Amino acid sequence: MSIIGFEVDPSFKREVERKSKQAGLSLSEFCRRAVAKEIGRDDRYLTAKEVEEVVNRILDSRELNFDLNKVEIVTKEPVTLDPVVEKALKIILNKLENDEEPLVSEISDAVGANSRTLGMLFSLHGIQSTSVHRDGKKSRRYLADQKEKIEKILNVG
């Protein structure tokens, strides 16, 4: 977003500040809306209060209520381990135990899965590949720092 600045008479500034306060908006947001309205555009960010109102309108039909100040963190059930992910993790763990850092492509080829899909599935369990330079070549590999996580996921060790 770009910044536009201009000078105004102090009495005009006080009037704009008073009106923005009445509207429950920051001075910047009030001015953005006034200019957008004047030039016939309505592209602006929603305020936190407006987000809350929109969500509550949606939830009203379900007799639920949403308050930004009372958002609760809900613990999800553990993600189940996909058989392809399990097989891939076992291969990675085996290679890491042999002091090898397996390539992402090597693992995806071994389990017959797309490397991006496998990466997304791994991310559900907190496993990530790392971009590294080895022998003058850049590649994505699973490093030894992931070994403990993999063991925990596989309940090994």
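If you wrap a convex hull around the C-alpha atoms of the range 83-157 and split its volume per residue, what is the figure in Å³? All intermediate terms of the calculation are to be shown ahead of the outcome.
Numbers: hull volume 6.2 nm³, N = 75.
Considering the Cα atoms of the range 83-157, their hull volume per residue is 83 Å³.
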*³J(HN,Hα) across the range 31-37 via Karplus (A = 6.51, B = -1.76, C = 1.60, θ = phi - 60°), whole Hz, x for Gly/Pro?*
5, 4, 5, 4, 5, 4, 5
*Which length gain, in nm to one decimal place, applies between residue 123 and residue 9 when the Cα-Cα distance is subtracted from 0.36 nm times their residue separation?*
35.5 nm
_Count, lysine Cα pairs under 25 Å in the range 81-157, 8 or more residues apart or across chains_ = 16
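Coordinate-derived values only; no laboratory data. On a predicted model such as this, the values are computed, not experimentally measured, just so you know.
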